[in-house]
Amino acid sequence: MAETARLRLPEIAAAQAQKHVTHNEALVALDTLVQLSVLDKDLSAPPGSPAEGDCYIVAAGATGAWTGWEDRIARYEDGAWRSFLPGAGDGVGWLAWVRDEEAFYVLTATGWDGLAAGSGAIESGTWTPVVTFDTPGDLSVTYHERSGTYVRAGDTVFLTYTLQFTPTYTTASGSFRIDGLPFTVVADGLGTFQPGSSGGSAIPSFPASTSYVVTIMTAIAQKIALVGIGSGNLGVFSTVQIVSGTKYLFRGEPVYGA
């Protein structure tokens, strides 16, 4: 039977009887291989209770109904297992999303390899921002709300954070910092900053002669700093702006290179 070159879809022949059979075969292959997603890539034998349409990448040493299917896609269909080889030729270069790992894998000449962040894969998750100063001293922080998310695309990291907190201290000094970044800062970053007043939060005073605030990250400090900017003036937030016993609400969206 003739097949398409890339996905090996069966082609309907002229004057063919039971055309629906060939057509349905092609639909099953499309349903398996387009936007390829599998449940697991580490099983070498079929699971005990598969559901209709479940797909797996078959691991080395395949046994049972999967014998000889290493690195192929096994799909459970109509009460039986079927195998598919993704892509044209030997399938090299085909991508699959592995659901139990929440990660992309690419088929190479030696098997399925994970896509590292530096190769252009997209990675996302959460991080926990931490309030501190250059010299924390006896700093104690009560967090009323604290969250952070990140998306890493290649070597670029996009962050968001929300911090509602009350610092208490007598000996802390130096610049105000937000620690806990999910990746090491390699290339300096910059981002937006938005103070809030809800929940009894105070708006901090800006450094002298500055009118708006940005977040910056440097490879030296490895932390977020708040910097006020004005006409020819710069000022870093410190204990002057972040006062002991006062509740604050900060949100930001910085970007940096990792």
Length-normalised contact order of segment 170-258 in % [C-alpha pairs under 8 Å, at least 6 apart]: 42 percent
When the convex hull of its Cα atoms is projected in every direction, mean area for segment 209-254 (nm²): 4.1 nm²
Dipole of segment 90-223, positive end: most advanced residue of LEU181, THR110, THR210 [Cβ charges, Cα centre]: THR210
Estimated FRET transfer efficiency (ALA45, ARG251; beta-carbon r; R0 45 Å; 0.05): 0.35
Computed E for ILE220/LEU95 - FRET, C-beta separation, R0 30 angstrom, nearest 0.05: 0.20
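The numbers here are math on the coordinates, done by the rules we state, and not lab data. Keep in mind the model is a prediction, meaning the values are calculated, not measured. Neighbour counts are summed over all protein chains in view; Cβ atoms, including those assigned to glycine, are modelled from backbone coordinates with ideal geometry.
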